[in-house]
Amino acid sequence: MKLRRRDFLALSAGALAAQACGATGGAPPSTGSASGGAPDELDVISGLIQSGGPPPDGIPPIEKPRYVSIREASEIWRDDDVVDALILDGQARAYPRMITVWHEIVNETAGGKPVSITYCPLTGSALVFSGVLPDGTTTTFGTSGQLYNSNLVMYDRATNSFWPQLFGTAVRGTHKGQRLEELPGAVTTTFGRWKAKHPDGLVLSTDTGHARSYGTSPYGSYDTQEGTIFPVRFEDDRYPQKKVVVGVRWNGAALAIPKEEHRRRREASAEVGGSSVVVLYDEELDAVRVLDRATTEPLVAYDVMWFAWVAFYPDTEVLT
């Protein structure tokens with residue numbers, strides 16, 4: 001069942017224009033892969049990106065983020081409020097989704113280099129990207145106002161190349177076919193869990209320079225209601241569309257780890273891209289972490305809605 005976005009957005013006329021994206025129509029099936037770098041596939045993807053009207057940055061990224069202490073943040077956020085969090089420049093930082101749902105990108109720096117914390121409300125995915133492009137150019141990212149597979153399409157301000165968030169590969173522009181560097185270590189957890197582990201951490205401030213109804217979501221109960229707003233290329237009914245899985249891409253392959261099931265399992269071994277990995281449950285943060293068994297290197301692993309993961313990676317393996 002497809003649901004209209006207007007069922008979820010209760011915004012002023014200006015904010016509605018900034019949020020709306022009008023992708024329509026499906027696409028014929030094609031062979032998907034975790035790398036997806038073949039020129040013909042990139043052309044297909046590029047052709048399926050459609051605008052709903054907002055200009056670039058009509059959904060405004062946060063450009064100069066301010067932070068408050070855990071104590072100050074505790075006056076605003078409940079313990080069960082969802083945050084995306086990571087260690088940045090040696091400092092624990094949390095990004096409440098009731099802020100980032102209105103902005104989708106936070107442009108930051110780490111070690112003097114640009115970093116972007118990104119969140120797509122329609123696919124429930126938060127990823128952290130380096131702002132150093134494959135040719136060494138530094139940049140920040142903006143929202144294009146367009147979607148692919150119901151997922152945020154970013155553009156880099158240096159070359160205007162288009163990067164679907166869950167793909168991480170440019171499908172249009174100067175860097176077409178090249179991948180962004182994704183930074184591991186970010187988790188989706190609750191404010192209460194994060195502050196218990198990092199009482200000296202920082203939390204993104206609601207002082208963003210924009211007037212928004214922080215603490216509310218323009219998407220209402222989208223996360224828990226059946227159906228998606230926008231069409232996707234591939235569908236798979238093994239799980240409910242909005243079920244949370246942890247997605248991993250490695251060596252050109254994709255793996256989905258159903259999160260609820262792994263809470264009970266706690267630890268497992270898996271193969272992805274010809275490598276053996278260890279899947280661990282972090283009870284403190286209610287997070288799933290994935291390590292390369294040979295190097296104990298943490299891999300990029302993030303929560304995402306099942307429908308979105310399989311739409312991008314229809315050949316994904318599933319850890320059962």
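Computed from the coordinates by the stated procedures, all read-outs in this text should not be read as laboratory data. All of these numbers come straight from a predicted model, not from anything done at the bench. Glycine also receives a Cβ, built like all others from the backbone with ideal geometry; neighbour counts cover every protein chain displayed.
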List the extent of the Cα atoms of region 103-203 along each of their three principal axes, largest first, rounded to whole Å.
-> 44, 32, 19
Step through the residues of region 237-249 one at a time and calculate ³J(HN,Hα) from phi using the Karplus curve (6.51 cos²θ - 1.76 cosθ + 1.60, θ = phi - 60°), rounding each to whole Hz and writing x for Gly and Pro.
-> 9, 4, 9, x, 4, 8, 4, 7, 10, 9, x, 9, 10
Taking N as the number of residues in the chain, the ratio of its alpha carbon radius of gyration to 2.2 N^0.38 Å works out to 0.93
Report Rg(Cα)/(2.2 N^0.38 Å) for region 244-318, keeping two decimals.
-> 1.01
Express as a percent, rounded to the nearest 5, the fraction of DSSP beta bridges in the chain (both residues included) that run antiparallel.
-> 90
Trypsin sites (Lys or Arg not before Pro) lying in DSSP loop within region 233-276, provided at most 13 other Cβ fall within 10 Å = R238, R266
So, in Å, what gap is there between the alpha-carbon centers of region 152-210 and region 242-320?
-> 19
In what order do E75, E271 fall by count of nearby beta-carbon atoms within 10 Å, going from fewest to most?
-> E75, E271
Report the paramagnetic label zone for T296: residues of region 249-271 whose backbone N is under 19 Å from a point 7 Å from Cα along the Cα-to-Cβ axis.
-> 267-270
Per residue of region 292-302, in order, report the coupling 6.51 cos²θ - 1.76 cosθ + 1.60 (Karplus, θ = phi - 60°) as ³J(HN,Hα) in whole Hz, putting x for Gly and Pro.
-> 5, 4, 6, 10, 6, 6, x, 9, 5, 9, 8
Among G220, G247, G136, the residue with the largest mean-square fluctuation in a Gaussian network model of the chain built from Cα contacts under 10 Å is G136
Given a cut-off of under 8 Å on Cα pairs at least six residues apart, what relative contact order in percent is computed for the chain?
-> 22
Cα-based Lys proximity count in the chain, under 29 Å, for pairs eight or more positions apart or on separate chains | 18
Scoring region 244-318 by relative contact order with C-alpha pairs under 8 Å, at least six apart, yields a percentage of 35
Once you list every other residue whose beta carbon is under 14 Å from the beta carbon of R266, what net charge do they have if Lys and Arg are +1 and Asp and Glu are -1?
-> -2
Under the Karplus relation with 6.51, -1.76 and 1.60 and θ = phi - 60°, whole-Hz ³J(HN,Hα) for region 180-194, x at Gly and Pro, equal 7, 7, 9, 9, x, x, 6, 10, 9, 8, 10, 4, x, 5, 5
